[in-house]
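**Student:** Let me give you the structure first, and then I'll get to my questions.
The values are calculated or read from the model by the stated rules, or taken from the named source; none is laboratory data. Only a predicted model underlies this, so the values are computations on that prediction, with no experimental measurement involved. Cβ: placed from backbone, ideal geometry, glycine included. Neighbour counts: every protein chain shown. All accessible areas refer to the heavy atoms of the entire protein, side chains included, with ligands and DNA or RNA removed. Shrake-Rupley method; radii C 1.70, N 1.55, O 1.52, S 1.80 Å.
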Amino acid sequence: MLRQTPLTTPLYSSAASEVYKQQVEKLDAFAAALEKYAKDNTITGKSFAGGLAAQELSIGYYVVVQTASDSSNAYVPNKTITVAIPETSDNENYNYNVVVTPKDTLPSVDKVIVENGTDVDKNDVAIGDTVNYKLTSTVPQYPVNTVESSVEYYLKDTLSKGLTFNAGSLSVVGIKDGIRTPLTKDTDYVVNTSAVVAGTATTIIVDFTGKYSTLKNYGSIEVTYNATLNENAIIGGAGNPNDVLLGYTNNPTSGETHETDKIEVKTYTYAIGVLKISATSMAALSGAEFELKNSGGTVVGKYGYAENGSVVVSTGAAIIATDVDGRVYFTGLDEGTYSLQETKAPSGYVLLSGEIGFTITATKDSGLPTGACVVAIDGVDVTATETVTINGADATIAKITVENKRGFILPTTGGTGTWMFTICGLALMAGAVVVFAVKRKKAK
């Protein structure tokens, strides 16, 4: 008696011998050969529907071929199964009530950002920083008689406009039983990349189509590469997404293909706004120049300048001047500590002494950053915010107000001693005038 059941039990019963299990590949090849023989010779068999309904069969050796499935077309049909009636593991005890369980497979793909050796699905960096990605996909197993050159299998990865693909960083390995085998580009797989154009998304396809003879030797495939966050990055908000999907042949007989849902990861970056005003009139001051450095002393955030209303555009300058509204923006900042330095005061105002130190802290969600951040000066959160359009998307950012006082600064060229000598010299000149006037008076 033979019964076909849904996907609830192992392909082989617990009574199957270890020797039998070790010969699975040979049995698969034998089953595929029997299936081909039956098809070539138009040999028909008995039809079974899934469920518990059993049918009487004579003692013998059978091949079970799956011809349809209630599963969605995302699944790869079960391979051909060989069945003996009765079955035995010791040639003494026999089971005549044999259960067959076809097991469809569902290939999958995953994607993570690798940061400091940890896999995450969100991170935050500065413009110019590198983001490392890892893609992992499972490999479906097809019947032995599948035409391997017709099998499609590819990873389609899309980087948003704020990420620049570094082509030389991509590598692929095949993994089986913990053993990692580097694969060779253009031999084991090919890479097709859309044109890398600034301000547009980039698509990378790692394609194994027609190369299943190599692919089938592995349980999974791992792809790693990196990208650089560029000046077109979205600031805060929705972040900069990068997604991947797996495309594969799900039915080699009919040639049907399927693509998985996309797996998405995101990279965030931040910005601050600076408003320059008069300490007395509170009026906005243009022409003040600022420089921003991170905790390592590196000049950063040189991609923002306000113009055309509330639209912020890139300048790429190390020192940025306030516009007619007294505004300047530093964009593309990572979480961390910074110092803001005024390098030139507006005309008629005193240059700001010292630096303004502040921190950017990404808000956390289960230990991972989201699109928002908190800016603090001396441990006190900056509550003033402003919404501007950066790279086509609205960004609500913290606004730091900097005041300047009217006045002037005496020359300091040559160091602190120079201005002292200048003052003393002026005093001596005044004394000389007095002495000269007195002597002249006595002469009369």
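**Student:** Can you give the FRET efficiency to the nearest 0.05 for N217 and K262, using r as the Cβ-Cβ distance and R₀ = 30 Å? Display every interim value, and only then the final one.
**Tutor:** Working: r = 27 Å, r/R0 = 0.91.
Plugging the Cβ-Cβ distance into 1/(1 + (r/R0)^6) gives 0.65.
**Student:** Could you compute the FRET efficiency for A393 and S194, with r as their C-beta to C-beta distance and R0 at 22 Å, rounded to 0.05? Mind showing how you got there, number by number?
**Tutor:** Numbers: r = 22 Å, r/R0 = 1.00.
Once rounded, the FRET efficiency stands at 0.50.
**Student:** Residue by residue through segment 380-386, which ³J(HN,Hα) values in whole Hz follow from phi under the Karplus form 6.51 cos²θ - 1.76 cosθ + 1.60 (θ = phi - 60°), with glycine and proline marked x?
**Tutor:** 9, 5, 7, 8, 6, 10, 8
**Student:** Mind listing the Cα extents of segment 259-381 along all three principal axes, in Å, largest one first?
**Tutor:** Its Cα atoms span 64, 33, 26 Å along the three principal axes.
**Student:** Let me ask something additional. From the protein chains alone at 1.4 Å, what is the descending order of accessible area for L215, L368, largest first? Spell out each step's value before the answer.
**Tutor:** Details: L215 0, L368 40 Å².
Ranked from most to least accessible, the order is L368, L215.
**Student:** Cross-link list K111/K293; K156/K211; K176/K211: which exceed 24 angstrom alpha carbon to alpha carbon? Please list the in-between numbers first.
**Tutor:** Details: K111/K293 33 Å; K156/K211 16 Å; K176/K211 17 Å.
From the list (K111/K293; K156/K211; K176/K211), the Cα-Cα distance tops 24 Å for K111/K293.
**Student:** Right, here's the next one. Below 8 Å, C-alpha to C-alpha, sequence gap of six or more: please give me the relative contact order for segment 216-327 in percent.
**Tutor:** That works out to 20 percent.
**Student:** If packing is taken as the mean number of other Cβ atoms within 10 Å per residue, what is the order of 269-279, 170-180, highest first?
**Tutor:** 269-279, 170-180
**Student:** Under 5 Å between amide H atoms, partner at least 5 residues away or on a different chain: which partners does E115 have, H built in plane at 1.01 Å?
**Tutor:** It is V120, by chain and number.
**Student:** Using the scaling law 2.2 N^0.38 Å as the reference, what is the normalised Cα Rg of segment 91-197? Present the calculation step by step, with values, prior to reporting the outcome.
**Tutor:** Details: Rg = 20.4 Å, N = 107, 2.2 N^0.38 = 13.0 Å.
It is 1.57.
**Student:** Each residue of segment 181-188 in order: what ³J(HN,Hα) in whole Hz does its phi give by Karplus 6.51 cos²θ - 1.76 cosθ + 1.60, θ = phi - 60°, with x for Gly and Pro?
**Tutor:** 10, x, 9, 9, 4, 6, 10, 8
**Student:** Expected output is a single nm value to one decimal: the length gained when fully extending between N97 and I43, i.e. 0.36 nm times separation in residues minus the C-alpha distance. What is it?
**Tutor:** On the way: separation 54, 0.36 × 54 = 19.44 nm, distance 2.45 nm.
Full-extension gain reported as 17.0 nm.
**Student:** Hey, for a label at D121 modelled as a point 7 Å past Cα toward Cβ, could you say which residues of segment 343-372 have their backbone N under 12 Å away?
**Tutor:** Counting backbone N atoms under 12 Å from the label point, the list is 366, 368.
**Student:** With +1 on each Lys and Arg Cβ and -1 on each Asp and Glu Cβ, how big is the dipole of segment 84-235 about its Cα centre, in debye rounded to the nearest 20? Could you put the intermediate results ahead of the total?
**Tutor:** Details: 11 positive and 19 negative charges, 78 e Å.
So the dipole magnitude of segment 84-235 works out to roughly 380 debye.
**Student:** For the pairs K134/K364; K46/K216; K185/K216, note any where the Cα-Cα span goes beyond 26 Å. Walk me through the intermediate numbers first.
**Tutor:** Details: K134/K364 23 Å; K46/K216 31 Å; K185/K216 17 Å.
Pairs exceeding the cut-off: K46/K216.
**Student:** Please list, in order, the residues from segment 251-279 whose amide nitrogen is less than 13 Å from a point placed 7 Å along the Cα→Cβ vector of L106.
**Tutor:** Within reach of a label on L106, which here means backbone N under 13 Å from a point 7 Å along Cα→Cβ, segment 251-279 contributes 260-261.
**Student:** Same structure again: Ignoring ligands and nucleic acids, what accessible area does T343 show with a 1.4 Å probe (Å², nearest 10)?
**Tutor:** 60
**Student:** Looking at A167, G128, V98, which one has the Cα that reaches farthest to the positive end of the dipole of segment 90-208 (charges on Cβ: Lys, Arg +1; Asp, Glu -1)?
**Tutor:** G128
**Student:** Contour minus end-to-end for D177 and Q55, with contour as 0.36 nm per residue of separation and end-to-end as the Cα-Cα distance?
**Tutor:** Details: separation 122, 0.36 × 122 = 43.92 nm, distance 3.89 nm.
Fully extending the segment from D177 to Q55 adds 40.0 nm.
**Student:** Would you grab the residues whose amide H sits under 5 Å from the one on E231? Only those 5+ places off in sequence or on another chain, please, with H modelled 1.01 Å from N.
**Tutor:** The answer is none.
**Student:** Report the charge-dipole magnitude of segment 33-154 in Debye, nearest 20, computed about the Cα centre from +1 at each Lys and Arg Cβ and -1 at each Asp and Glu Cβ.
**Tutor:** On the way: 8 positive and 16 negative charges, 80 e Å.
Dipole of segment 33-154, to the nearest 20 debye: 380 debye.
**Student:** Shifting gears a bit: Taking the full set of protein chains and a 1.4 angstrom probe, give the accessible area of T193 in square angstrom, rounded to the nearest 10.
**Tutor:** 60
**Student:** Under a 5 Å amide H to amide H cut-off, with H placed in plane at 1.01 Å, what residues pair with A126 once short-range neighbours are removed?
**Tutor:** For A126, whose amide H was placed from the backbone, the distant partners under 5 Å are D334.
**Student:** Give me a comma-separated list of calculated 3J(HN,Hα) values for segment 327-344, in order, Karplus coefficients 6.51, -1.76, 1.60 applied at θ = phi - 60°, integers in Hz, x for any Gly or Pro.
**Tutor:** 10, 8, 10, 10, 10, x, 9, 8, 4, x, 10, 9, 10, 9, 10, 7, 9, 8
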